[in-house]
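> Take this structure, written in structure tokens, and hold onto it; I'll ask about it next.
The values are calculated or read from the model by the stated rules, or taken from the named source; none is laboratory data. On a predicted model such as this, the values are computed, not experimentally measured, just so you know. Cβ atoms come from the backbone with ideal geometry, glycine included; neighbour counts cover every protein chain shown.
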Amino acid sequence: MPYVMFLAICAIWGGSFILMKKASLCYTPVTIGAWRVIGGAAVLGAIWGLRRLSATERVTSFDKKWLRPFSLVVVLGFLWPYCIQPYLITRDGSAFVAMTVAFNPLFTILVSLPLLGIQPTPRQMIGVGGALICMAILMADGLTRQIPLSHILLGLSVPFGYAVSNVVIRGWLKEIPALDLTLAALSVSLLILGPLALVVPVDTEPRPDQWWIATTCMLALGVFGTGLAMYWFNLLIKTQGPLFAGMVTNLVPLGAVFWGWMDSETVTVAQLGAVLGVLSMVTLVQYGSARPTSISVRPDVAAGD
């Protein structure tokens, strides 16, 4: 089951970048972020409500010790990436921006060492190191296409934020069920992004025929890319650890490059070779590394380590 969930997240997030690009035809990055959290919160709220009605879900009492780590997760795992990625995609293309998130596993290892004291295995180090080399090829290709260094650094800030967020969830918030945690983070994000979206002006003049495409893509991004996929991702963090879950981001560029190519974005031989190399490194790290999830009364509570 962890591998099925892993592949489902890869497929959804691989297509999320082209959805952000199409949504940007009519909406600002902040508006896209706001509607992402609206769609995600609506889906997960419905799931949570159904569980409550069937007596399989109980309310989790919020402990004040969770306030600081939870705030960090909201900022680095939701608010920042949901606004920065659409901003970069409109300027540098969806495929290239998606490639930057593949640094997540490397950052996860670096962050896990001081915060969790987790030592990666030799196989994990080889796999992540190999993936880093492939990512360096991709980044070099971006520089040759005149992508500003500031944009590359902004792009890298997203996987770094994700890595910190994932490690914090594993280390300090694993007592909160994945569904409750994701729904709460989306709800708080909405309280911040919603008002901002109302005051940020639109800097484009879309054609009338673009509204339905942009709106449909934005809704799909919220329901699937933000709601379901983020819930499954947090569940993987809790049950399999942040590195296993974080390796999702090494496969995301495969789908993003394909959809970018379909949308007439530049895709080079170097990019294709690099993403195939990433795929082999992910296989090396992930094969046989999933741990069985213990079955308990509440299926979204991670087994204790």
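> Kindly check whether there is at least one residue in region 10-21 that is of a type outside the set (Val, Ile, Thr), crowded, with 19+ Cβ neighbours inside 10 Å, in contact (Cβ under 8 Å) with a residue 60 or more places away in the chain and farther than 29 Å from LEU196 by Cα.
Among the residues of region 10-21, at least one is of a type outside the set (Val, Ile, Thr), crowded, with 19+ Cβ neighbours inside 10 Å, in contact (Cβ under 8 Å) with a residue 60 or more places away in the chain and farther than 29 Å from LEU196 by Cα, which makes the answer yes.
> Turning to a different aspect of this structure: Quick one: which of TYR82, TYR87 is in a helix (DSSP H, G or I), touching a Pro at 6+ places or on another chain (Cβ under 7 Å), at pLDDT 85 or above and under 23 Å from ARG36 (Cα atoms)?
Sole residue among the options that is in a helix (DSSP H, G or I), touching a Pro at 6+ places or on another chain (Cβ under 7 Å), at pLDDT 85 or above and under 23 Å from ARG36 (Cα atoms): TYR87.
> Only one residue in GLY194, GLY225 is of a type in the set (Gly, Ala, Ser) and farther than 27 Å from VAL128 by Cβ, so which one is that?
It is GLY194.
> Has region 227-234 got at least one residue that is hydroxyl-bearing (Ser, Thr, Tyr), in a helix (DSSP H, G or I), at pLDDT below 90 and under 14 Å from the mean Cα position of the chain (by Cα)?
Checked against the condition, which is being hydroxyl-bearing (Ser, Thr, Tyr), in a helix (DSSP H, G or I), at pLDDT below 90 and under 14 Å from the mean Cα position of the chain (by Cα), region 227-234 yields at least one hit.
> Okay, moving on. Considering only residues that are of a type in the set (Gly, Ala, Ser) and in contact with a Leu (Cβ under 8 Å, 6 or more places away or on another chain), look in region 172-199 and name the one that is modelled with the lowest pLDDT.
Restricting to residues being of a type in the set (Gly, Ala, Ser) and in contact with a Leu (Cβ under 8 Å, 6 or more places away or on another chain), the top hit is ALA178.
> Which condition breaks for ALA42 when tested against (1) over 15 Å from the mean Cα position of the chain (by Cα); (2) more than 10 Å from MET218 (Cβ to Cβ); (3) crowded, with 21+ Cβ neighbours inside 10 Å?
All conditions are met except number (3).
This table checks each residue for (1) farther than 30 Å from ALA136 by Cβ; (2) crowded, with 23+ Cβ neighbours inside 10 Å.
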site: SER157; (1), (2): no, no
site: GLY161; (1), (2): no, no
site: TRP212; (1), (2): yes, no
site: TRP232; (1), (2): no, no
site: VAL248; (1), (2): no, yes
